[in-house]
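Step one of this worksheet: look at the structure below.
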Amino acid sequence: MVGTNTAMIDDPHLNVREVDGTDPLRIIIDRELKIPVESHVLDGSIPTVVFTEIEAEDGHNLEFVLNEEPKELLDEILAYLYKRNVQSVIIEGGRKLLMSFLVQDKWDEARVIIGTGNFGRGLQAPVIARRPIGKDKIGDDVLLTYRNVRT
């Protein structure tokens, strides 16, 4: 899942590459349909769902879901995915989308990769205010795993 800004700035594919596997269902939040139609996430190559506040016509492998309650967007998305029997969602970003899930306590597990590379100025990642349950080394990077234990 990505939001509008990440889709426009990074132009991600959100598919399986470099390994064998099934492509995931791409989930895009684009309230105002700002993402250019030539973007990878709208290319129709794999099933994609776009949550928007503007009516749009579905296309090949492209479904637009009208969000009628902007304040309840995450609840609507999660209810929709539950009805489609989607069991796991990877929030690719960006910062605003990640923060929404963290602040609204709508997450079970977070995996944070701390790399040694420099990708430019970018945005600071959200901070998870708890201790990681796992810490693994992947090459020169570190993978931290967090679990959301609700009381």
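None of the figures in this text is laboratory data; all of them are computed from the coordinates on show. Remember, it's a predicted structure, so these values are computed and weren't measured experimentally.
Taking H as built 1.01 Å from N, whose amide H comes closer than 5 Å to the amide H of Gly93, not counting residues under 5 places away?
Distant-sequence amide H within range of Gly93: Gly3.
For the Cα atoms of the chain, what angle does the longest principal axis make with the long axis of helix 73-83, in degrees from 0 to 90, nearest 10?
Tilt relative to the chain: about 80 degrees.
Residue by residue through the range 133-138, what is 3J(HN,Hα) from phi via Karplus (6.51 cos²θ - 1.76 cosθ + 1.60, θ = phi - 60°)? Round to whole Hz and write x for glycine and proline.
In residue order, the calculated couplings are 8, x, 9, 10, 9, 10 Hz.
Percent of Cα-Cα pairs per 5 Å bin, from 0 to the last occupied bin, for the chain, please list those.
In order of increasing distance, the bins hold 2, 8, 16, 20, 21, 16, 10, 5, 1, 0 percent.
Setting aside same-chain residues fewer than 8 positions from Lys34, which lysines have a Cα under 28 Å from its Cα?
Result set, ordered by chain and number: Lys71, Lys83, Lys96, Lys106.
Mind listing the long-range amide H neighbours of Ser39? Cut-off is under 5 Å, sequence gap 5 or more, other chains count too, H placed in the peptide plane at 1.01 Å from N.
Result for Ser39 returns nothing.
Relative contact order of the chain, please, whole-number percent, based on alpha carbon pairs below 8 angstrom and at least 6 residues apart.
Numbers: 205 pairs, mean separation 25.7, N = 151.
Rounded, it is 17 percent for the chain.
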